[in-house]
Amino acid sequence: MVTGDAPATAAIVAKAVGLDGAVCPPGPIPDAVQPEQFAVFAGVMPEDKYKLVKAFQKGGHTIGMCGDGANDAPALRQAQMGIAVSTATDVAKSAAGMVLTEPGLAGIVAAVKQGRVIFQRIQTYALNSIIKKIVTVLFLIVGLITTGQAILTPLLMVIVMIAGDFLAMSLTTDNVRASPMPNAWRIGSLTKAGIIMAVCLLAFCSGVLLVGEFELGLGIDALRTLAFVALVFGSQATIYAIRQHRRLWGSRPSLWLALSSVADIGIASTLAIGGIAMAPLPIWIVVGTLAAAAIFAVVADLVKVPAFRGLGVA
């Protein structure tokens, strides 16, 4: 709590709202002050609020500043997230990054939680895009080396992209847990995590292709259909593995994600079994590939948890 009121008044109010930490002594605020040192800063001049935000930021903290008066405007502007209450002055509202529309401070907690949920969804979407791009290119190379021919026709590639895009778009509605700490983009770590998961998906798709060629003796047209099915089902498994950073069974997927997943699997299976726009496959091969993808999702989840933890992916 940062206030211009006297320390005695500030201490009484702080105790009433549950702030039990120390009160900063009156006078200039130290340049190297840390938020762990004091819970209350009293007798603070308007310019000191700005200096306090800067001092915390220099210590590596992400700062949210809530205020209502014109004298809070510099600090509201400097903070990563300036928050103006519903009764704030126009100057404070203009300087803030977020304005509460209802009385009280409960909206801050709701906004932080919703912001972190949205961040997790965006991060999952970005991670999925990295994985798909890596796997698509490398799987085409593996197919070319294995069969001596292009393993996916242009039409099959279009169908794979369309099917994947509908599922990826549904991630914007997924049920995810807000992270306990502030989020930050770590592109390097995210890329490394994407490479690790892409290697797993590539291994799955390549394994299915090799089984189809050397164990089942499928021709090139049937192998192309099998490669299509492996990519679609494997991508489904990967999305369920990376949609949250705990175990994949930690939360229930959203209705739209579940419906998109069912539609994706249903359409791909119908096309493959019916031989629509591709060579037909026996139903038992399609079902077997789907079962293998389900097992792969569990394996990918086992790889994901320690990998994400080690890379610091929130």
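The values are calculated or read from the model by the stated rules, or taken from the named source; none is laboratory data. Just so it is clear, the model here is predicted, and its values are computed rather than measured. All Cβ positions, even for glycine, are placed from backbone atoms using ideal geometry, and neighbour counts span all protein chains on display. With ligands, DNA and RNA removed, areas are computed over all heavy atoms of the protein, side chains included. Shrake-Rupley method; radii C 1.70, N 1.55, O 1.52, S 1.80 Å.
Taken as entire DSSP H runs, the helices of the chain that both span 20 Å or more between Cα atoms along their own long axis and average -0.5 or more on the Kyte-Doolittle scale are 106-147, 154-169, 187-210, 220-242, 255-274, 283-311.
Scanning the chain for trypsin sites (Lys or Arg not before Pro) lying in DSSP loops with no more than 15 further Cβ atoms inside 10 Å, the longest uninterrupted stretch between such sites is 1-176. Remark: spin-label model distance Met157-Ala8 equals 7.9 nm, labels positioned 7 Å along the Cα→Cβ axis.
Leaving out ligands and nucleic acids, note down the accessible area per residue over the chain with a 1.4 angstrom probe, in whole Å².
51 Å²
The calculated FRET efficiency for Leu144 paired with Phe166, based on their beta-carbon distance and R0 = 25 Å, is about 0.35.
Which percent of the accessible area of region 172-314 is formed by carbon and sulfur heavy atoms (probe 1.4 angstrom)?
C and S atoms contribute 71 percent here.
For Gly275, the residues whose modelled amide H falls within less than 5 Å of its own, excluding neighbours fewer than 5 places apart on the same chain, are Leu281.
How high is the FRET efficiency between Thr270 and Lys58 when r is their beta carbon distance and R₀ equals 41 Å, given to the nearest 0.05?
Values: r = 60 Å, r/R0 = 1.45.
The value I calculate is 0.10.
Taking every DSSP helix (H) stretch of at least 4 residues in the chain, weighting each as -39,500 (n - 2.57) and dividing the sum by the residue count yields a mean residue ellipticity at 222 nm of -20500 deg cm²/dmol.
By its C-alpha gyration tensor, with a ≥ b ≥ c as the square roots of the eigenvalues, how is the chain shaped: rounded for a/c under 1.5, else prolate for a/b larger than b/c, else oblate?
On the way: a/c = 3.58, a/b = 3.06, b/c = 1.17.
Judged from the Cα gyration tensor, the chain comes out prolate (a/c at least 1.5, a/b above b/c).
Stretching Arg252 away from Lys133 to a fully extended chain increases their span by 40.2 nm, per 0.36 nm per residue minus the current alpha-carbon distance. Excluding the site residues themselves, the longest part of the chain lacking any chymotrypsin sites (Phe, Trp or Tyr not before Pro) in a DSSP loop with at most 12 other Cβ atoms within 10 Å is 1-184. Computing FRET efficiency as 1/(1 + (r/R0)^6) for Ile108 and Ile195, where r is the C-beta to C-beta distance and R0 is 30 Å, gives about 0.20.
What percent do you get for the relative contact order of the chain when only Cα pairs under 8 Å and 6+ apart count?
Worked out over the chain, it gives 13 percent.
Sum up the charges of everything whose Cβ sits under 15 Å from the Cβ of Pro28, counting Lys and Arg as +1 and Asp and Glu as -1, but leave Pro28 out. The partial results should precede the final answer.
Values: positive: Lys49, Lys51, Lys54; negative: Asp31, Glu47, Asp48.
Residues near Pro28 contribute 0 overall.
Reducing region 1-56 and region 104-136 to their Cα centroids gives an inter-centroid distance of 33 Å. Residues whose amide H lies under 5 Å from that of Asp5, counting only those 5 or more places away or on a different chain, are Gly43, Val44; hydrogens are built 1.01 Å from N in the peptide plane.
Run the simple label-point estimate for Val305 and Ala32 please: 7 Å along Cα→C-beta, distance reported in nm. Each label point is offset 7 Å from its Cα along the Cβ direction, giving 4.1 nm. Under a 5 Å amide H cut-off, with hydrogens placed 1.01 Å from N, Cys66 pairs with Ile83 among residues at least 5 apart or on other chains.
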